[in-house]
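Chemist: Below is the structure I would like to discuss, written out as structure tokens.
Any read-out appearing in this document is the output of simple, stated calculations on the displayed coordinates, not a laboratory observation. Everything numeric here is computed off the predicted structure, so don't read it as measured data.
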């Protein structure tokens, strides 16, 4: 199998795993991806959309619903009032922590028989690849 096929299959499997974990928390896959993608200091909606590979209007609509649920807060960015910054609320942080813990538990279960040194090597290679992909996408 070529590396592109392996990455495509891995992506599908990870999305299925995250979808399953999200479902146990009554979240959609996209809501889970948004929660897990927001750093503590937040992100502009456009940056979040780019990170997720989704249209900005789609992410804006989902964020609006998540704000109604009390999970995120939208506000003009301090450095550019035309930009909408999204941050987690206290409630969103609790959901993030639960979701992140559940997802990590599932990944750790899958990797239980992989020696720690191999996990570290794999982690470094995936981190390098992720960085290169982020740079390539701009």
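Chemist: Given the -39500 (n - 2.57) contribution per DSSP H run of 4+ residues, what per-residue ellipticity at 222 nm results for the chain, rounded to the nearest 500 deg cm²/dmol?
Modeler: -23000 deg cm²/dmol, from helical runs alone.
Chemist: Can I ask one more? Cα atoms only: what Rg and Dmax, in Å, come out for region 25-67?
Modeler: According to the Cα coordinates of region 25-67, Rg and Dmax are 9.6, 26 Å.
Chemist: The list [x] 14.6, 46; [y] 25.2, 102; [z] 16.4, 50 gives values of Rg and Dmax of the Cα atoms in Å, and only one came from this structure; which label was calculated from it?
Modeler: Computed from these coordinates, Rg and Dmax of the Cα atoms in Å corresponds to label [z].
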